[in-house]
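Here is the structure we will look at, set down as structure tokens.
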Amino acid sequence: MRFLGNIEAKTDAKGRAFLPAVFRKVLQTAGEERLVMRKDVFQPCLVLYPESVWNGQMDALRQRLNRWNRQHQQVFRQFVSDVELVTLDGNGRFLIPKRYQRMAAIDQDVKFVGMGDTIEIWSNQKMDEQQMKPEDFENALEELMATPDTNQHEGQSANQ
């Protein structure tokens with residue numbers, strides 16, 4: 001399952017948005033019916049996980065944590081409890097609850113960004129603020145790709 005590209009959209013007065021058709025088609029092809037929405041851990045955006053991807057993330061996190069460690073339990077609880085199950089209606093719409101809109105500073109104008117196995121939802125303004133300058137992006141990508149990869153990135157083998 002690969003979500004690629006970015007698509008501008010709008011939410012209505014109730015906070016509903018249409019999941020872009022290209023992303024709906026990827027979900028349909030993969031047989032996914034439900035999504036899990038969560039605020040991104042690092043960025044001011046929301047992340048939509050297909051349910052199978054979310055379950056894989058939860059399992060991977062749980063395996064790294066000790067159930068008898070208080071901080072580990074707090075991390076796991078915070079990661080899994082602040083989510084919203086999302087089911088698209090017959091028209092491909094879903095609701096972005098008000099609290100999530102506030103968390104990601106989302107107003108009417110949003111951008112859906114395909115991130116491989118997940119979809120990010122950004123406020124247009126926040127997305128523009130977070131983008132790297134072209135020369136910084138070039139340099140970072142050159143540095144990353146020129147360095148031999150001694151450790152395969154986590155999750156990559158599971159998604160191939």
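Numbers at a glance
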| read-out | value |
| --- | --- |
| Subset tally (residues that are more than 26 Å from GLY31 (Cα to Cα) and either in contact with a Phe, Trp or Tyr (Cβ under 7 Å, 6 or more places away or on another chain) or open to solvent by less than 80 Å² (accessible area, probe 1.4 Å) (or both)) for region 78-92 | 0 |
| Checking ASN139 against (1) under 22 Å from LYS39 (Cβ atoms); (2) modelled with pLDDT of 85 or more, the condition it does not meet | (1) |
| In region 39-66, residue modelled with the lowest pLDDT [restricted to those that are of a type in the set (Val, Ile, Thr) and not in a helix (DSSP H, G or I)] | VAL41 |
| Among residues of region 3-24, those that are among the aromatic types (Phe, Trp, Tyr) and either open to solvent by 30 Å² or more (accessible area, probe 1.4 Å) or more than 15 Å from LEU88 (Cβ to Cβ) (or both), counted | 1 |
| Yes/no for GLN101 being in contact (Cβ under 8 Å) with a residue 24 or more places away in the chain, in a loop (DSSP other than H, G, I, E, B), polar (S, T, N, Q) and open to solvent by less than 80 Å² (accessible area, probe 1.4 Å) | no |
| Selection within region 25-77 - closer than 18 Å to TYR100 by Cβ, open to solvent by less than 90 Å² (accessible area, probe 1.4 Å) and among the aromatic types (Phe, Trp, Tyr) | TYR49, TRP54 |
| Any hit, region 88-97, residues being of a type outside the set (Gly, Ala, Ser) and part of a helix (DSSP H, G or I) | no |
| Answer from GLN108, GLN71 - the residue that is at pLDDT below 95 and polar (S, T, N, Q) | GLN108 |
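The values are calculated or read from the model by the stated rules, or taken from the named source; none is laboratory data. Since the model is a prediction, treat every value here as computed from it, not as a measurement. No Cβ is skipped: glycine too gets one built from the backbone with ideal geometry, and neighbour counts run over all protein chains shown. What goes into the accessible areas is simple: the full protein's heavy atoms, side chains included, and nothing from ligands, DNA or RNA. Shrake-Rupley method; radii C 1.70, N 1.55, O 1.52, S 1.80 Å.
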